[in-house]
Amino acid sequence: MYAHIVWFDQPRTATELAAVDFARTHRIEPAVATVPGLLDFYELRRADGSGMVIGIAETEEALHAVREAILATELLPEEDPALLPGPDRVEICPVLVRHDRAAIYAKAAVS
């Protein structure tokens, strides 16, 4: 498995966050919904609007396909590009360990 970590280091306003949420819901999620190998993604957000998105995929190629799918989308008429600055940093890392908490709990219950 591989993780794609996308950092948004700068504080973002409520208007910018609303634009990000709209883009995610109406453009990005539909674009990546059919990309094979994408397992999950998490959006982490601090009180000031900065944060990161972590995508988890079966392969590094799947993460590249996710990026290509997102970049292939066109902004919707309701979207203002000024409210959607790109990330500050992007990194892909292999996932070395995955802890399946349900399996851990099941094993503990049997013991």
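Numbers for the structure displayed
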| quantity | calculated |
| --- | --- |
| Among Val53, Pro94, Pro11 the positive-end extreme of the charge dipole of the chain (Cβ point charges) | Pro94 |
| Computed lengthening from Met1 to Asp80, 0.36 nm per intervening residue step minus Cα-Cα distance | 25.0 nm |
| Distance from the stretch 51-111 to the stretch 12-35 (C-alpha centre basis), Å | 14 Å |
| Cα Rg, Dmax, the stretch 27-90, angstrom units | 12.8, 34 |
| Three principal axis lengths of the stretch 56-111 [C-alpha, angstrom, descending] | 57, 24, 20 |
| Solvent exposure ordering (accessible area, 1.4 Å, most first) of Arg45, Arg101, Arg24, Arg12 | Arg101, Arg45, Arg24, Arg12 |
| FRET efficiency estimate (nearest 0.05) - Cβ-Cβ, Ala18 to Asp100, R0 41 angstrom | 0.70 |
| Helical mean residue ellipticity (222 nm; -39500 (n - 2.57) per DSSP H run of 4+; nearest 500) of the chain | -9000 deg cm²/dmol |
| Cut-off under 5 Å, modelled amide H: who pairs with Thr59 long-range | Tyr2 |
| Extended-chain gain in nm, criterion 0.36 nm per residue less alpha-carbon gap, Glu43 and Ile70 | 8.1 nm |
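The values are calculated or read from the model by the stated rules, or taken from the named source; none is laboratory data. Bear in mind that the values here come from a model prediction, so they are computed numbers and not experimental data. All Cβ positions, glycine included, derive from the backbone under ideal geometry; neighbour counts span all protein chains shown. Areas reflect the complete protein model, heavy atoms only, side chains present, ligands, DNA and RNA absent. Shrake-Rupley method; radii C 1.70, N 1.55, O 1.52, S 1.80 Å.
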